[in-house]
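Trainee: My questions will all concern the structure given below.
No lab work stands behind these numbers, since they all come straight from the coordinates. The structure presented is a predicted model; accordingly, all values stated were derived computationally and were not measured. We place every Cβ from the backbone using ideal geometry, glycine too, and count neighbours over all the protein chains shown.
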Amino acid sequence: MAAVSSSVRRTPLIAGNWKMNLDHLQAIAFVQKLAWSLKDAGHDFSAVEVSVFPPYTDLRSVQTLVSADKLPIAYGAQDVSEHASGAFTGEISALFLAALECRYVIIGHSERRILHHETDEQVSLKVVAALENNLTPIICVGETADDLETHGASAVPVAQLRAALAEVRSAADIVVAYEPVWAIGSGQAATPEQAEQVAAALRAVLVELLGEDVAAKTRILYGGSVKSGNIASFMREPNVDGALVGGASIDVTEFASIVRYQKHVGL
Ligand code: PGA
């Protein structure tokens, strides 16, 4: 495993999942401020990639701003339908996200799985829908506190990743996010060692299902109570290639500080 993870340089990805926060006007102000504060601070966007995941209603505004000002910030949606079009009231097609030049889409977030009863099968179909439209899925997996007690840390995330990739046969551009449910919004992040252990197990699944090359270049994020004060400790782990940030991603100063983790510690 170590050989696989250390042989390829993966560009770290910091992803801000806004959840149901910030309307389109707030989104414009936020993205402008984020871009300018990072530029002012001399951030190298090719060294640490920055992305935001606003609500659907903000995406067109964010697209317009990013493309007009050529901002080096990627964006995507927090979910996508598994269907391309048709009688699916309230759903959003991957085609529509691609038309708004989204680069990524979050799929299978635990809030979708738990609050909206999204199944592993739906997650797998959504991954296919994203890939067919050249969107990079950020596939979320993670165990609840009960799962952790009953099965240990990696069993459920590993099973969820296998299920999510059930229809993916060949080399694919994907991102995996390990988000222990008990760590989300709780202020109690996993330890860097816990995150590394599960990330390594997830990378082993990628090796098995998609081959060494894809596994070596696929980014695995950690998510769950990431803050500017703990991000660097996760980023030191060899199999952790970034973070999916919730609460701390809607505070511009805090999010910019997370993006600049290399500067506030001696990494
Ligand atoms: P949190 O959320 O950073 O607020 O814990 C992470 C997430 O749900 O993606």
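Trainee: For a distance above 16 Å, tell me the whole-number percent of Cα pairs in the stretch 148-229 that qualify.
Mentor: Everything past 16 Å amounts to 51 percent.
Trainee: Taking 0.36 nm per intervening residue step and subtracting the Cα-Cα distance, what contour gain separates residue 149 from residue 88 on full extension?
Mentor: Full extension of this stretch gives 18.2 nm more.
Trainee: Once R0 is set to 30 Å, what does the formula 1/(1 + (r/R0)^6) return for the Cβ-Cβ distance between residue 20 and residue 166, expressed as a FRET efficiency to the nearest 0.05?
Mentor: So, using R0 = 30 Å, E works out to roughly 0.55.
Trainee: Okay, next question. Please report, in cubic angstrom per residue, the volume enclosed by the convex hull of the alpha-carbon atoms of the stretch 16-63.
Mentor: In the stretch 16-63, the Cα hull volume divided by residue count equals 69 Å³.
Trainee: Let me ask you something else. Residue separation times 0.36 nm, minus the C-alpha to C-alpha distance between residue 134 and residue 29: what's the value?
Mentor: That pair, residue 134 and residue 29, stretches by 35.0 nm at full extension.
Trainee: Here's a follow-up. Counting only helical runs of four or more DSSP H residues, what would the 222 nm mean residue ellipticity of the chain come to if each run contributes -39,500 (n - 2.57) and the total is spread over all its residues?
Mentor: Rounded to the nearest 500, it is -12500 deg cm²/dmol.
Trainee: Lysines near residue 263 by alpha-carbon distance under 25 Å, same-chain residues fewer than 8 away left out - which ones?
Mentor: Cross-link targets: 33, 39, 70, 217, 227.
Trainee: Same structure, new question: Using all Cα-Cα distances in the chain, what percent lands in each 10 angstrom bin from 0 up to the longest?
Mentor: Pairs per bin, as whole percents: 7, 32, 38, 20, 2, 0.
Trainee: Same structure again: Grab every C-alpha pair in the stretch 126-191, bin the distances at 5 angstrom width from 0 up to the longest one, and report whole percents.
Mentor: The percentages, shortest bin first, are 4, 17, 24, 20, 14, 12, 8, 1.
Trainee: Starting from the Kirkwood radius over alpha-carbon pairs of the stretch 85-154, derive D by Stokes-Einstein at 25 °C in a medium of 0.890 mPa s and give it in µm² s⁻¹.
Mentor: 183 µm²/s
Trainee: Please sort 176-182, 16-22, 146-152, 125-131 by packing, taking for each peptide the average over its residues of neighbouring beta carbons within 10 angstrom, highest first.
Mentor: In decreasing order of mean packing, 176-182, 16-22, 146-152, 125-131 become 176-182, 125-131, 16-22, 146-152.
Trainee: For the residue pair residue 208 and residue 173, what label-to-label distance in nm results when each label sits 7 Å from Cα along the Cα-to-beta-carbon direction?
Mentor: 2.8 nm
Trainee: Using Cα centres only, tell me the gap between the stretch 22-91 and the stretch 103-180 in whole Å.
Mentor: What the calculation gives is 21 Å, centre to centre.
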